[in-house]
Amino acid sequence: MLDTALYDRHGLGDACRKVLAGERLSLADGLALYRSPGPHLAGALAHHARTRRHGDVTHYVLNRHVNPTNICVNDCLFCAYRRREGQEGAYVLTVEDALAKLTAFGHLDEVHIVGGCHPSLGLDYYLELCRRVRQAYPDASIKALTAVEVAHLADLAGMDESEALTALRQAGVDMMPGGGAEVFSPRVRAKVCPAKISGERWLSVMGKAHRAGLATNATMLFGHMETLEERLEHFDALRRQQDETGGFKCFIPLPYLPGANPLGESASGPTAQDALKTTALARLMLDNFDHIKAYWVMLGVKLAMLCLSYGADDLDGTVVEERIGHDAGSQSAQELSVAELEAAIRSCGFTPKRRDGLFREATEASHA
Ligand code: V47
Ligand code: SF4
């Protein structure tokens, strides 16, 4: 039971009453919650909202990531993964190599495909890869290509993004990951990812994906140079898009990791308290998103487990071989087993539920 008098004493009475009544929070409510002392006031409200939606269930997924190439025409300052063509460490996986990385494993509920915007690797490569993944895993959700990659591939092919999205859907893609959103503020983008598509184009590609029948996720990279107001505007833009096209499944707050990337000279990443509070604010502001993910790869397993009591209802998955966070200094493991994920969820007082990419219950026996 929430102590409403406590919220009144902190000037958060309105926000508290709105959450209890299931009403939408304003940006001013969000700012007041962000500025409240510690993460707990926002956290308790977020936990209330997550419990109303999901009870004590926490989701996880048996999945694998494939990063087809780290060669990228963009030069985001926070990225430790990207290489220029010809640079040491640059790679492109053949379709066969990418498949071999996956098929070394048994059953999968989700395949996550994401990488750089290669200057010449075109849509045909990705269509072939997705078709082959679909053949190898007829029942897995294929979650492939961020809005940034889709915009890039459409530009390379000289086609409209909707055409590229329809081709990807026909090749077996079910949904798109939420990467590349960063922070929509043009001020921040001009500094941290000047070559990347604008926030407006990111939202527009996602709207087109939803209309083409693809579900998508959404992210926010936080804890570098953005203000609290810019984070709240990011949430607001996402929830307006969701009101319009309704295809977002899950939001993932991504804590900036400062290792081996140029932005790390001036930014150190969010504190644990900030990560908890941002998870809580995501749950509270994104009232039309079903799922909030605590992505253990970037947060670390211990902090991700705490996020489950601050509004998150998903711990992502088994993963195996992740490059983007680990190249930027993530100290987390490359892989968690199903047993480890379930034990982590239970130890936080929740009931684990295995899902596919679209959050449908996974029923097939796992061999992990
Ligand atoms: O777009 C890059 C971020 C994203 C850093 O949709 C960094 O289910 C922290 O979006 N520190 C890719 N983050 C990862 C991503 C994702 C991951 C897991 C699940 C899903 C999903 C999506 O990683 C990039 C960028 O925002 N990123 N560098 C860094 N130094
Ligand atoms: Fe390229 Fe993505 Fe890295 Fe930006 S974050 S440089 S788009 S791989």
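Data overview
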| item | result |
| --- | --- |
| Amide proton proximity set for L254, modelled H, under 5 Å, gap of 5+ | M220, L221, F222 |
| Overall form of the chain per C-alpha gyration tensor (a/c, 1.5; a/b vs b/c) | prolate |
| Listed peptides 138-149, 349-360 by packing density, highest first (mean Cβ within 10 Å) | 138-149, 349-360 |
| Under the Karplus curve 6.51 cos²θ - 1.76 cosθ + 1.60, θ = phi - 60°, whole-Hz ³J(HN,Hα) for the range 344-354, x wherever Gly or Pro sits | 4, 5, 5, 5, 8, x, 10, 9, x, 9, 7 |
| Dipole axis of the chain (+1 Lys, Arg; -1 Asp, Glu on Cβ), positive-most option in V92, N67, I197 | I197 |
| Under 13 Å from the Cα of K191 - aspartates and glutamates, other chains or at least 8 residues apart | D75, E182, E226 |
| Which listed pairs, of K302/K353; K196/K277; K143/K208; K18/K353, have C-alpha distances above 24 Å, in listed order | K196/K277; K18/K353 |
| Proximal charge balance of K143 [Cβ under 15 Å; K/R count +1, D/E count -1] | -2 |
| 14 Å beta-carbon shell around I345, net charge (K/R +1, D/E -1) | +1 |
| For peptides 190-197, 172-179, sequence by mean Cβ density within 10 Å, most packed first | 172-179, 190-197 |
| Cα gyration tensor shape of the range 286-368, rounded if a/c is under 1.5, else prolate or oblate by comparing a/b with b/c | rounded |
| Approximate spin-label separation D124-Q331, in nm, with each point projected 7 Å along Cα-to-Cβ | 4.7 nm |
| Cys residues of the chain counted as unpaired, since no other Cys beta-carbon is under 4.7 Å | C16, C72, C117, C130, C250, C307, C348 |
| Extension reserve of the E23-T103 stretch, reckoned as 0.36 nm per residue once the Cα distance is removed | 24.2 nm |
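Quick note: the coordinates plus some simple rules give every number you see, no bench work behind them. Predicted model only: the values in this text are computed from it and were never measured. Neighbour counts run over all protein chains shown; Cβ positions are idealised from the backbone, glycine included.
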